[in-house]
Amino acid sequence: MPKDTLTITDNRTGKAYELPIEDGTIKAMDLRQIKVADDDFGLMAYDPAFLNTAACRSAITFIDGDKGILRYRGYPIEQLAEQASFLEVAYLLCEGELPNKAQLDKWEDQVRYHTYVHTNVIKFLEGFRYDAHPMGMLLGAVGALSTFYPDAKDLEDPTCRYLQRIRLVAKVPTLAAFAFRHSRGLPYEFPRNDLGYIANFVNMTFSIGGKHQPNPVLQRALEILLILHADHEQNCSTSAVRAVGSSQVDPFSAVSAGIAALYGPLHGGANEAVLRMLAEIGDKKNIPSFIEQVKQGHGRLMGFGHRVYKSYDPRAKLIKKVAYDVFQQTGLNPKLEIALELEKIALEDEYFIKRKLYPNVDFYSGIIYQAMGYPTDYFTVLFALGRLPGWIAQWEEMLRDKDTKIARPRQIYTGYDERPFVPMAKR
Ligand code: ACO
């Protein structure tokens, strides 16, 4: 009968160790007993960027990167994108199950009730420069919410945590819309609680003089994009939320850390980078030379490649469909034509095939957002709106996990050994 253990022989000492294997993993702490001497610290695993380290147990999102599978709480992303509303998916992620009608009605009502932000928030948002990046504004504003809701520090009380979840889902779109208006020099548009979640957000961004003609196809397209972004297990921003949250800070501060992580061009900023890249290519005829440059190591093909997906990102497939729906409404965008051609050429190129580089979720999302009328620097904000329920769900799960401790990785020290201080005159 094979045992679920791993035997390690330390060739430095000749000693053998038997480590239990559970869920396909060994506990890194079990390595610590492997020592060359009693005063040795013990063996550690070196894993920059956590390429092969499970940092938590999670029941929220399942990904099989090789097969291109993504499920939230067991439900395939394709079915959720086709049949669910964003708030339904948010409930599923945060509360663990699909809501029944009464639960969904209550959830929607509570979210609607909390969409307003304290009027002082507007005062400090006004202090940002006219050209402030909306992601910088959003991360600052969400972090600042912690000062408006000091009760959020009570992490022990599940009812209080539930209230903070509602506040975040309700207020982040309002802050995001204010950031949008700020960058355009437009007066802030307040939430309209007679509208649904997506319609209200679109209205807060695009309404002029209290008027906005809604386009249901574009609104549903935006909703699908948000659903596709809603969670993605232990990605950079979610890990940031968990790591910062593990210090038991309030959820507004933890989510603000997630927004900061998402801001970076290798994560949420990639769709913005895709648009810049498409503008730089400018014309289909320039694609071969652009690809050649990338292969020579000059820059990357933005929107391609993924740490986890080593086949087509299932979200990218769905987004491509959304792109066609949107462009039927808005007319064809020349950038889409370049993107389609770029994708075709890259998917046939040995360099990309060998490295399993396929389009990721960001390859098309930016072009769609642009067609909807959102400026490039706003794309990551839309990603943040989508990812919000995932961050909140992962934060809650982290708090409830009995294995959670404050995040505190180890290091391999590579600096000087002890040396005496050198006085200024002798340096
Ligand atoms: N274009 C060209 N080459 C690439 C790309 C790319 N987009 N991505 C990876 N490679 C190459 C690397 O140069 C490397 O080649 P090498 O083995 O010859 O050195 C190889 O593929 C592996 O690359 P890594 O950087 O080790 O892959 P990793 O899993 O760490 O990176 C990442 C994943 C960061 C997403 C990367 O593919 C990338 O930078 N892509 C472009 C940015 C992007 O689209 N980010 C969005 C990610 S999805 C999201 O956040 C929602």
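The values are calculated or read from the model by the stated rules, or taken from the named source; none is laboratory data. Since we're looking at a predicted model, the values are computed, not measured. Heads up, the Cβs are rebuilt from the backbone with ideal geometry, glycines too, and the neighbour counts pull from every protein chain shown. For the accessible areas, the whole protein counts, side chains as well, though only heavy atoms, and no ligand, DNA or RNA atoms are used. Shrake-Rupley method; radii C 1.70, N 1.55, O 1.52, S 1.80 Å.
Points to keep in mind about this one:
- Positive minus negative residues near GLU78 (Lys, Arg vs Asp, Glu; Cβ under 11 Å): +3
- Per residue, the Cα convex hull of segment 247-303 amounts to 80 Å³.
- The angle separating the long axis of helix 134-148 from the principal Cα axis of greatest extent in the chain is about 80 degrees.
- Computed helical MRE - 222 nm, the chain, DSSP H runs ≥ 4 contributing -39500 (n - 2.57), nearest 500: -16000 deg cm²/dmol
- All-pairs Cα distance distribution in the chain, expressed in whole percent, bin size 20 Å: 23, 51, 22, 3
- Principal-axis tilt of helix 101-113 within the chain, Cα atoms, nearest 10 degrees: 80
- Here is the P(r) of segment 71-119: all C-alpha pair distances, binned every 10 Å from 0, give 24, 48, 22, 5, 0 in whole percents.
- For the Cα trace of segment 47-166, dividing Rg by the Kirkwood Rh returns an Rg/Rh value of 1.03.
- Seen from every direction in turn and averaged, the convex hull around the alpha carbons of segment 309-361 projects onto 3.6 nm².
- Neighbours of TYR188 by Cβ distance under 14 Å: Lys/Arg scored +1, Asp/Glu scored -1, total +3.
- Per residue value of the accessible surface for the chain (all protein chains in place, 1.4 Å probe), Å²: 52
- Cβ-based charge dipole, the chain, positive-most Cα from ILE353, THR414, ILE368: THR414
- Debye-formula intensities of segment 168-207, expressed as log10 I(q)/I(0) at q = 0.18 Å⁻¹, are -0.40 (one equal scatterer per alpha-carbon, no solvent).
- Qualifying aspartates and glutamates (Cα of each under 15 Å from Cα of LYS3; at least 8 residues distant if same chain): GLU18, GLU22, ASP23
- Accessible surface of the chain, 1.4 Å probe: 54 percent of it comes from carbon and sulfur atoms.
- Whole-angstrom gap from segment 353-378 to segment 258-295, using each part's C-alpha centre: 9
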